[in-house]
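What follows is one structure encoded as structure tokens, with my remarks underneath.
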Amino acid sequence: MNAQSIRPAHVAFVGFGEAGTAFASGWDTFRPAHLTAYDIKSDQPATRQSLRDRYAEHEIEGRDTLAEALDGASAVFCVVTADQACAAAEAAAPLLASGTFWFDCNSCSPGAKRRAAAAIEMSGGRYVDVAVMAPVQPKRHQVPLLVSGPHVSDAMAVLEALDMRPKPAGDEVGRASSIKMLRSVMVKGMEALTAECFLAARRAGVEEEVIGSLEASDPDVQWRRRGTYNLERMMIHGARRAAEMREVAITVDELGLGGRMAAATAEWEQLVADLGENPGEEDLYHRLDTLLKRI
């Protein structure tokens, strides 16, 4: 069986933000014949037109209701905010045709993924736990994915037919998400540590000494460059990262370990995001000063 025969003719998106637009814009010659989407922002007058403009830009058939978007779809990519993942699955479950793939790409705790899976599977859908393992830009649809769950083999074939880059993580729902969540303890935790360390050092007037000491201890890290980059990611994507880290804290707590570091990281990500989206010049001290003026 070739990829063309496996590729779904109708793919739907539930949520159409950064991830949805990245996937849709990347497919090109692998683009399904029929692409529909529903996003709750279409229910809000303040965001309805910008969402319609986004649909038009990516040649997506935006729908005003979830039922309309899912009608006829054989594969659905759920790319909503982490706190809406279960609600989206529960709302969509009775609307899915039997056997429809539900690719849950949200950054949720394994417990949330299992609750979403129960709703989808009960209605005859095929739930797939998908962990997006890197920023969707610039790789778009070819961003590395981990997939797990009872339908992993069939799901891999569909994703590969869409020219995506999945890797199997086991037949247990929540396993792919566990890997992503627990990796984020380190990755986003380093961002939060960077912010607290460098902001405090700059305010104390000892930034050169602190960074010099770090560079002497761990020269391979390239602390100035890493700090500049980490602040940019937090300023632009901190709100989404904070939501993910709240799910990470839940994940760690579900394992009986409390999730204190993840919870503190979420606070820093949210704070930096709230202080401003524009990182400005690609200079560490400029970004630190910009944030310190707003704290």
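Just so you know, all these numbers are worked out from the coordinates, no wet-lab data involved. These numbers were taken from a predicted model, which means no experiment stands behind them. Neighbour counts run over all protein chains shown; Cβ positions are idealised from the backbone, glycine included.
For this structure, a couple of remarks:
- Read-out Cα extents along the principal axes in Å, derived from the coordinates shown; its label in (i) 52, 42, 38; (ii) 76, 58, 37; (iii) 62, 43, 34: (iii)
- Put in line by how crowded their Cβ is, counting other Cβ atoms within 10 Å and starting with the fewest, Met234, Met261 read Met261, Met234.
- GluC sites (Glu not before Pro) restricted to DSSP loop in segment 256-292 with at most 16 other C-beta within 10 Å: Glu277, Glu281, Glu282
- Degrees between helix 223-254 axis and first principal axis of the chain (Cα, 0 to 90, nearest 10): 60 degrees
- Global form of segment 3-173, assessed from the alpha-carbon gyration tensor, a/c cut-off 1.5: rounded
- Candidate cross-link partners of Lys139 among the lysines, defined by an alpha-carbon separation under 30 Å and a same-chain spacing of 8 or more, comprise Lys41, Lys113, Lys167, Lys180, Lys188.
- Spin-label model, Asp71 to Asp53: label points 7 Å out along the Cα-to-beta-carbon direction sit 2.9 nm apart.
- In segment 94-187, inverting the average of 1/r over every pair of distinct C-alpha atoms gives 13.2 Å as the Kirkwood radius.
- Each helix, a run of at least 4 DSSP H residues, gives -39500 (n - 2.57); summed and divided by the residues of the chain, these come to -17500 deg cm²/dmol at 222 nm.
- Sorted by Cβ neighbour density within 10 Å, fewest at the top, the residues Cys108, Cys197, Cys78: Cys197, Cys78, Cys108
- Antiparallel bridges, percent of DSSP beta bridges restricted to segment 1-151 (to nearest 5): 15 percent
- Extension gain (nm, one decimal) between Met133 and Ala97, 0.36 nm per residue minus Cα-Cα: 10.1 nm
- Of all DSSP beta bridges confined to the chain, the antiparallel ones make up roughly 15%.
- Checking every one of the GluC sites (Glu not before Pro) in segment 13-94 against DSSP loop status and a limit of 15 other Cβ atoms within 10 Å picks out Glu59.
- With a simple spin-label model that places each label point 7 Å from the Cα along the Cα-to-Cβ direction, the separation between Asp154 and Ala264 comes to 4.6 nm.
- Student exercise, segment 15-111 dipole from Lys, Arg, Asp, Glu Cβ charges, in Debye to nearest 20: 40 debye
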